[in-house]
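Enquirer: Take a look at this one; I'll ask things after.
Quick note: the coordinates plus some simple rules give every number you see, no bench work behind them. Just so it is clear, the model here is predicted, and its values are computed rather than measured. Cβ placement follows ideal geometry from the backbone for every residue including glycine, while neighbour counts extend to all protein chains displayed.
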Amino acid sequence: MSDTASLEQTTDYILELKGISKRFQQTQALHNIDFDLIPGEVHALVGENGAGKSTLIKTISGAYHPDSGTIFFNGEQVVFDRPIAAQNRGISVVYQEFNLVPQLSVADNIFLRHQPVTGTFVKRLDKQYMMTRSREILKELGVHIDPKALVKNISVAYKQLVEIAKSLVWDCKVLILDEPTAVITTEETVLLFEIIRKLQQKGVSIIYISHRLEEIFKIADRITVFRDGEKITTLDVRRDPVTIDQLISHMVGRSLNEQYPPCKIPAGEELLKVESLGYGKLFHDISFSVHAGEILGISGLVGAGRTEVAKTLFGVTPGQEGRIWVNGREVSITSPEQAIGLGISLVPEDRKSEGLIQMFSIKNNLILASQKTYTRGGVFQPQMIIQKCQNMVKAMNIRTSGIEKQVSQLSGGNQQKVVIAKWLLAEAKIIIFDEPTRGIDVGAKVEVYRLMNELKKSGAAIIMISSELNEILGMSDRIMVMHEGTKSCELVNDQVSQETIMRHASGVREVTV
């Protein structure tokens, strides 16, 4: 880090940004942003994907350099020339996308880049301390993860918690959390909030980014709204009453009267039937069906086996038990290629590693599942590809400068839209959405919900796995609840409450609906 001459500040801000601007080619990502952070507060950042939130935190953390503007830290003007410089000053970031080494243990990942050593003459890693301290941190987080376990063998939710644990090793003064609850349960969120409050009491300041507006009102002291690279307003929710509708209006520049657009249509023919499906200890005796024109919601706590069922139906982990029928014909699905051929698609929970090829362009990602349709007489048709991809980008409202842009350069929400669009081009009729709105802003969520409704109207059968109970209740026609690898119950979504679903997901069987 290279610091310019110190400038005195008259405020008590731990962090202050003045006039920050950042442009990427034709895109003005940030325009003249003023932002400040008070010691010990939780300051939430909200806005649609592409609003500038990620660019701001990357500027704060030294990943990006602003084109103009000034950053003050502890009253001193600073310039962070790389992320490690910001970390050395006490700024720690937990990004939405994981920054872990799958082949290493949980403890090794928690202590990445600052491993303790022991020994007087011969230095070696202090593995015992790493294991002991990792257990303490994980216990503080309220999760039971073996520090010796390899990261590649733990669930997506636990990977997120390891990221959070990793930040606690640093003597951080500013902790930036980017969608920290996107893949954890309600119970784990409560534990996370307890940890945040403990950090606040120690004077740690939190910048909190989330698309889950309900939780922001539970944890934030102030909320700053971004839209199209500009700061719209900062709201002090401790002092002034603010409603979710008002916040949404600031975010999108319009009101969203119906977050879950209604779409009640008669169910058609049975497109998928599963009977007594099982895969080792992951899940067993799973039976259900889904019809054309309906959404089957699958609910359950993390570890219930929902994602594992989805991957079995898509041929990633072929089932060891049970039978599957597609369009009335019994099939054996042993690979994703075979599933695609049967008209089955999967929008995966982890879009970064399972749904996209990050080094590919938007165009090349879009046609991954439908390349055979772009040939005529055995000749590839590049103009057809370009036209269809451009039409899909426009229809999905994917914010990009062009279809040749590398998909890794898109925001998380726009990456998710590319994954969904890929299957629309493949004309899949049985679509499995695993956490479809994870990391997607409020406006984009409504777009995805409306897209699901259009798919229903076109005769598609949809399976939607979600940890958000409002989403399950708002979009599902029927709901299957899973508990510890088994089917707990199946409910018709008619006056079903969140409490009913949670009790079934927790294994309480005596509930009657």
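Enquirer: Post the alpha-carbon centroid distance, segment 178-224 to segment 94-148, in whole angstrom.
Expert: 23 Å
Enquirer: Would you list Ile344, Ile479 from fewest to most Cβ contacts within 10 Å?
Expert: Placing the least packed residue first, the sequence is Ile479, Ile344.
Enquirer: Then there is this: Among His504, His114, His31, which comes first, then next, by fewest other beta-carbon atoms within 10 Å?
Expert: His114, His31, His504
Enquirer: Taking R0 as 35 Å, what's the FRET efficiency between Glu187 and Asp126 from their Cβ-Cβ distance, rounded to 0.05?
Expert: 0.60
Enquirer: Assigning unit charges at the beta carbon (Lys, Arg +1; Asp, Glu -1) and nothing else, what dipole magnitude in debye, to the nearest 20, does segment 98-170 show about its Cα centre?
Expert: Charge dipole of segment 98-170: 180 debye, to the nearest 20.
Enquirer: Further question: For a protection proxy built on the mean count of beta-carbon atoms within 10 angstrom, sort 36-43, 326-333 highest first, please.
Expert: 36-43, 326-333
Enquirer: Roughly what % of DSSP beta bridges within the chain run antiparallel, to the nearest 5?
Expert: 55 percent
Enquirer: To continue, here is another question. Quick one: Cα centre-to-centre distance for segment 236-286 and segment 454-500, in angstrom?
Expert: A separation of 9 Å, based on Cα centres.
Enquirer: Follow-up. Could you give me D for segment 101-150, from Stokes-Einstein at 4 °C and 1.567 mPa s, where the hydrodynamic radius is the Kirkwood radius over C-alpha pairs? Units µm² s⁻¹, please.
Expert: 114 µm²/s
Enquirer: When every alpha-carbon pair in segment 357-427 is counted, what percent end up more than 13 Å apart?
Expert: Of the Cα pairs, 60 percent sit more than 13 Å apart.
Enquirer: Still on this structure, please answer the following. Please report how far the C-alpha centroid of segment 353-414 lies from that of segment 307-321, rounded to the nearest whole angstrom.
Expert: So the two Cα centres are separated by 27 Å.
Enquirer: Continuing with this model, one more query. When the helix-only estimate is applied to the chain (DSSP H runs of n ≥ 4, each -39,500 (n - 2.57), divided by the residue count), what is the mean residue ellipticity at 222 nm, nearest 500 deg cm²/dmol?
Expert: -9000 deg cm²/dmol
Enquirer: When the dipole is taken about the Cα centre of the chain, and only Lys, Arg (+1) and Asp, Glu (-1) are charged at their Cβ, what size is it in debye, to the nearest 20?
Expert: So the dipole magnitude of the chain works out to roughly 1220 debye.
Enquirer: Also, I was wondering about something else. How do 456-468, 388-400 rank on mean C-beta neighbours within 10 Å, highest first?
Expert: My ranking of the peptides, most packed first, is 456-468, 388-400.
Enquirer: Take the Cα pairs of the chain, get the Kirkwood Rh, then feed it into Stokes-Einstein at 37 °C and 0.692 mPa s and tell me D in µm²/s.
Expert: 134 µm²/s
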